[in-house]
Amino acid sequence: MTVADLARDLEEAAGPGMVLAGDPAGTHAVAGVRPRFVAAPTTVDGVSRVLALASARGLAVAPAGAGARLGWGAPPSRLDIVLSLARLDRVLAYEPADLTLSVECGATLPALDAILRPHGQFVPLDPARPEASTVGGLIATGAAGPYRARYGTMRDLLVGLTVVRANGTVVKGGGRVVKNVTGYDIPKLHVGALGTLGVVVEAHLRLHPRPAEERTWVFGFGSAEAALEAALDVRDTPVVLSRCQLLDAGALRALGEALPPGAALAVTIGSVPDAVRTQGTRVAEVCSRAGSTPVEVPDAEAWWRTVADLSWPRDPTAHLSLRVGVRPTDIAKALRAIETVGLATREVVATADVTTGVLHAAVVSIQSHRVRDVVAHVRDAVGALGGSCVVEHAPTDALPGLDVWGNVGAALESMRRLKRELDPGGVLNPGRYVGGI
């Protein structure tokens, strides 16, 4: 079959004018691998037809949203079609009284916020680059931001979904409202699976009331150890923190501090005004034991967007972004291990969620040939703490042969069995996930 014949069949599946072929498709590269086609259906049925065609022809497909995290994961072992879901962006149902929202997967966070804000509700996710973060993309990658301290991640907000399997079969899981969700929690299988088990086309989300007031304070400390100790002390109080981030000196410099302290603790409290004030005073009392005083952030929403973006690649050709997971009590040790990398590169930017032990670190201006050694160094150090390290971004020419996921142990065989069950032909994102799945 010729390329023209396949392009014609894809257009019949996706819809007129919804397919790019050849050089125009090549601009939609995935981790440096150029596709032969881009298909952008506007309906769930269109997605189903494209996947059925790909399965029948043995074509490899990479689902895509707005493209913010399309480079996450290993380079695909083969790639024929980028399946763009950006045009599936409709709101299907919104029930303010039930605090639930049903949307297509191409809807972005700002678009949802515009709908929910007048009702005093929101989707409490604040990842980097929210304007290019779609619901489907956040499900596929499991990406989250500082709000995870109080509200969790997409796993905690997803109550149901519609997914198209690799063969084009449309499957629904969960429900539209929280009280109707029973049985096995199949939807959560797709959170963080990078689209390797199916293509999410619709999602049913649990919403939260927007706090009457939110305030953010930053506390400076002489070291990450002192900041962590204060944060753990705050954790043992009745204070409810919406965000709780430890920032290293590199992060503070990136935020514009010319002479930053050794580390800082940034917290957000959201509630009614009296409760915010009372709890803020309690946090200040705890931090004052280490000689720290609060500095309130005036435009906190914009400031937190900048914080979330700190590990985002400024120069994709010379930037390494890592996501590290350790016990919260080991955050300072993990930061020290990461900072030793900076002795050669001279610039490391790191933030850590004290409530969950998730760190995001960026090694800026790194040479591609050093990437593998740096990743191995960090993995050895955090592995000794019982932690893990995932590469979220690396220069494209450093990706071949780089294990971006790390060793997941005995779980790998179960993951492979699940992949064989749901995608026996290896249609969806082949080679991109853990262990080459």
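Observations on the model:
- Solvent-accessible surface (1.4 angstrom probe) belonging to Ser365, in square angstrom, nearest 10: 80
- Area accessible to solvent at Leu246, 1.4 Å probe radius, in Å²: 0
- For the stretch 190-255, the convex hull spanned by the alpha carbon atoms encloses 199 Å³ per residue.
- Accessible-area value, Lys188, 1.4 Å probe, nucleic acids and ligands omitted, Å²: 40
- A helix-only calculation puts the chain at -8500 deg cm²/dmol for mean residue ellipticity at 222 nm, using -39500 (n - 2.57) for each DSSP H run of at least four residues, averaged over all residues.
- Protection proxy ranking, peptides 164-171, 219-226, average beta carbon neighbours within 10 Å, highest first: 219-226, 164-171
- Extension gain for Ala56 to Glu285 (0.36 nm times residue separation, less C-alpha to C-alpha distance): 76.0 nm.
- Largest accessible area first, the residues Leu412, Leu205 order themselves as Leu412, Leu205 under a 1.4 Å probe with ligands, DNA and RNA left out.
- Per-atom-type breakdown for the stretch 379-424 gives carbon and sulfur 53% of the accessible area (1.4 Å probe, protein chains only).
- DSSP-defined beta bridges in the chain - what % are antiparallel, rounded to 5: 90
- Legend: translational diffusion of the chain by Stokes-Einstein, Rh = Kirkwood radius over C-alpha pairs, 20 °C, 1.002 mPa s; D = 95 µm²/s.
- Per-residue ³J(HN,Hα) for the stretch 231-248, Karplus 6.51 cos²θ - 1.76 cosθ + 1.60, θ = phi - 60°, Hz, x for Gly and Pro: 5, 5, 5, 5, 4, 8, 9, x, 4, 9, 8, 7, 9, 8, 10, 9, 10, 7
- Share of carbon and sulfur in the accessible heavy-atom surface of the stretch 11-163 [1.4 Å probe, %]: 50
- Accessible area expressed per residue, the stretch 24-69, with surrounding protein chains retained (probe 1.4 Å, Å²): 35
- Here's the list of lysines a cross-link from Lys172 could span, going by alpha-carbon distance under 22 Å and ignoring same-chain residues fewer than 8 apart: Lys188, Lys419.
- Dipole magnitude for the chain: computed about the Cα centre from +1 point charges on Lys and Arg Cβ and -1 point charges on Asp and Glu Cβ, it is near 740 debye.
- Placing +1 on the Cβ of every Lys and Arg and -1 on the Cβ of every Asp and Glu, with no other charges, gives the stretch 329-437 a dipole of roughly 180 debye about its Cα centre.
- Convex hull volume of the Cα atoms of the stretch 338-437, normalised per residue: 122 Å³.
- On Cα atoms only, tilt of 44-57 relative to the major axis of the chain in degrees: 60
- Sequence of Asp98, Asp330, Asp113 from largest to smallest accessible area, 1.4 Å probe: Asp98, Asp113, Asp330
The values are calculated or read from the model by the stated rules, or taken from the named source; none is laboratory data. All values derive from a computational prediction rather than experimental measurement. Please note: Cβ atoms are built from the backbone with ideal geometry, for glycine as well, and neighbour counts cover all protein chains shown. Each accessible area value is taken on the protein alone, full model and side chains, heavy atoms only, with ligands, DNA and RNA left out. Shrake-Rupley method; radii C 1.70, N 1.55, O 1.52, S 1.80 Å.
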